[in-house]
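Structure first, commentary second.
The values are calculated or read from the model by the stated rules, or taken from the named source; none is laboratory data. Nothing here was measured: the structure is a model prediction, and the numbers come from that model. Note that each Cβ is placed from the backbone with ideal geometry, even for glycine, and that neighbours are counted across all protein chains shown. Note: areas computed on protein heavy atoms with side chains; ligands, DNA, RNA excluded. Shrake-Rupley method; radii C 1.70, N 1.55, O 1.52, S 1.80 Å.
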Amino acid sequence: MATTSTRLPKQARREQLLDTAVTIVRHQGADGLTLVTLAEAAGVSRPIVYDHFGTRPGLLLALYRRLDERHRAAIVQALEEAAPTADEAARVISAAYFACATGMPEFNAVSAALKGNPEMEAVQRELLDSYADLMAAALLPHSGHTPEALRLRCVGVLGAAEVMAAELNRGRVSADDAVTALTDLITGGLGARTGD
C-alpha cells in the first residue's frame, strides 16, 4: 500500500493508528497486528509506526489502554445518565462490564496476546485499581461501608465479574442472567443505607 501524503499532528496520527489497529484485531485477531501490518493498513511509513509505539508489545499496550479508556468513558456516561439509586448504579456497572466482555473482543484478544508480559501485568493492575476506584465512587453514596471497605468489596466483585464474563463468553449463561447476578452481588455487598 502506498503511504499517505497527509501529515497529521502527532496525537491525531496516533489516534488514527490505534483506530486502524482495532480494525486489524477485529478482523484478523491480535496475531495479525504487527508494526508492519499497521503501517501498511494505515498507509504510512514504518518509521512513523515505530516512532509512536517502538515495539509490538508497545503497540499492544497502547491499544489495550485505548480500549480501556473507551470502556471507562461509556461507564461514566451511563452512570451520569442513570437514576440516582443503588440498584440502578449497580445495574449500569454490571451491564457495562459485560458489554465490554462480549462487545469488545479486541480487548480480550489484546490481553491474551500480552499474557506473561510484565509490563502488561502492571498495566492490568493499574487499570483494575482505577476501575475499582470508579465503582467505589459511584456506589459510595449508597453504601453503609467506609470508602476503604467498599473499595475492597468492589475488588472482590470485579474478580467475580471476570469469572462470570468467561462463562458468558462460553455461552453458559445469558447476558441478562450475568447482569442480574453481578447486580445482586454489588447491591448485596453495599451494606446499604436506610432508604436506599
Kindly provide the helix-only [θ] at 222 nm of the chain, computed as the sum of -39,500 (n - 2.57) over DSSP H runs of four or more divided by all residues, to the nearest 500 deg cm²/dmol? -25000 deg cm²/dmol
Which of rounded, prolate, oblate describes the stretch 120-175, given a ≥ b ≥ c as roots of the alpha-carbon gyration tensor eigenvalues and a/c under 1.5 marking rounded, otherwise prolate only if a/b is larger than b/c? oblate
Using Cα springs under 10 Å in a Gaussian network model of the chain, which residue among Gly159, Gly54, Gly171 shows the largest mean-square fluctuation? Gly171
Name the helices (complete DSSP H segments) of the chain with a Cα length along the long axis of 20 Å or more and a Kyte-Doolittle mean of at least 0.5, or state none. 86-103, 147-169
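Could you do me a favour and compute the accessible area per residue for the chain, 1.4 Å probe, result in Å²?
Spelled out: the 1.4 Å probe surface of the chain, per residue, equals 53 Å².
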Mind giving me the nanometre distance, one decimal, between the label points for Tyr50 and Arg70, set 7 Å out from Cα along Cα→Cβ? 2.8 nm
Entry for Rg/Rh (Cα atoms, Kirkwood Rh) (calculated from the structure that is shown) out of (1) 1.05; (2) 0.95; (3) 1.15: (1)
Taking H placed 1.01 Å from N in the peptide plane, check which residues at least 5 places from Ser143 or on another chain put their amide H under 5 Å from its amide H. Arg193
The stretch 1-65 to the stretch 98-165: how many Å between their Cα centroids? 27 Å
Carbon and sulfur together cover what percent of the accessible area of the stretch 23-102 at a 1.4 Å probe radius? 53 percent
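Reported to two decimal places, what Rg/Rh ratio describes the stretch 91-196 when computed on Cα atoms with Rh from the Kirkwood expression?
Here the Rg-to-Rh quotient is 1.00.
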